Amino acid sequence: MLGLGESDQDQGSQAEAPQDKAHQGEERRKMSQFDDTPRTYSGALLAAIALALLCAVGGLIWTYTLTGRIAHEEAALADANQQNVKLAAELRETDARLKVTADELGKSLGLTQKQMDARAQQIIAREQAENRRLETAQQQTAQQVNAVSSEVSNVKTDVGGVKTDVAKTQTDLAGAISQLQSMKGDLSDHSSLIARNHDELEVLKHKGDRTYYEFTLNKGEKKPVGTVSLELKKTDAKKSKFTVVVYADDKKYEKKDRNINEPLQFYSGKDPALYEIVVNSISAKNQIAGYLSTPKGAPVPPVAGPTGQ
């Protein structure tokens with residue numbers, strides 16, 4: 001029976017041998033296929049590995065740089081925190097000193113905190129009131145300046161009007177003077193402008209080169225006119241003639257049978273200057289009216305001044 005069993009085992013072994021060979025052949029074929037794959041894709045694998053290495057190196061560099069920056073910022077933040085802590089401590093110390101000083105001041109003045117606060121409010125209120133007063137004063141000053149500027153403008157306008165009036169007056173005066181009559185006096189050949197009435201005498205006064213004294217004289221009357229005296233001796237209203245005596249510098253000048261509007265001339269003064277008398281009218285009551293003309297700078301009466309300049 002043993003022989004029979006061994007025979008069966010041999011037969012089984014012989015039957016399994018072809019199967020094992022077939023299995024081994026299949027495995028060698030798979031291994032051959034596996035060995036061929038790396039050879040086909042080795043270049044792409046190396047490129048991928050190189051790219052991965054580069055990325056890893058770049059990541060390391062960036063990480064190192066970022067770590068340095070973070071360390072620097074952390075150091076700065078730590079330093080700022082220390083400064084803040086130091087400033088906070090100093091502020092607390094200053095507040096404490098101020099509180100102590102305020103308390104000591106309040107005690108020395110006998111004031112409570114409430115009273116000190118009230119005093120501070122009073123000071124603030126006074127400062128605000130002073131500021132408002134200054135603002136009001138500034139506004140009033142600005143208004144006054146504007147008013148003065150307006151008045152100055154008005155004055156300028158008035159001055160312009162006055163200049164215009166003066167120019168017109170000068171023009172009118174020049175025209176009036178041109179209409180005055182020039183007459184030769186009774187001494188030498190000297191001629192002068194005469195006024196034939198009061199209005200023309202006013203024109204001569206505005207001319208300003210001589211001084212004029214108006215007078216009215218009755219017959220037989222001796223009357224001071226300016227620095228001389230006049231005496232009317234005779235009148236003839238029909239012929240418009242008169243006779244008058246002039247007293248000047250202790251001298252006597254008789255102007256006999258003279259006509260109205262005729263310049264009667266004589267010299268008077270320490271430095272003799274030409275004086276003129278013009279009679280403009282003779283009334284029926286033996287009265288004459290006219291004026292005395294003296295040079296500028298000639299002596300004037302000690303009491304009564306001239307009637308016109």
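Data overview
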item	result
Peptides ranked, highest mean first, by Cβ atoms within 10 Å: ranges 63-76, 255-268	255-268, 63-76
Extension reserve of the ASP117-ASP236 stretch, reckoned as 0.36 nm per residue once the Cα distance is removed	32.1 nm
Cα Rg, Dmax (largest Cα-Cα span) when computed across the range 183-295, Å	13.1, 39
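Rule-based calculations on the coordinates, nothing more; no lab input. Just so it is clear, the structure is predicted and the values come from calculations on it, not from any experiment. Cβ atoms come from the backbone with ideal geometry, glycine included; neighbour counts cover every protein chain shown.
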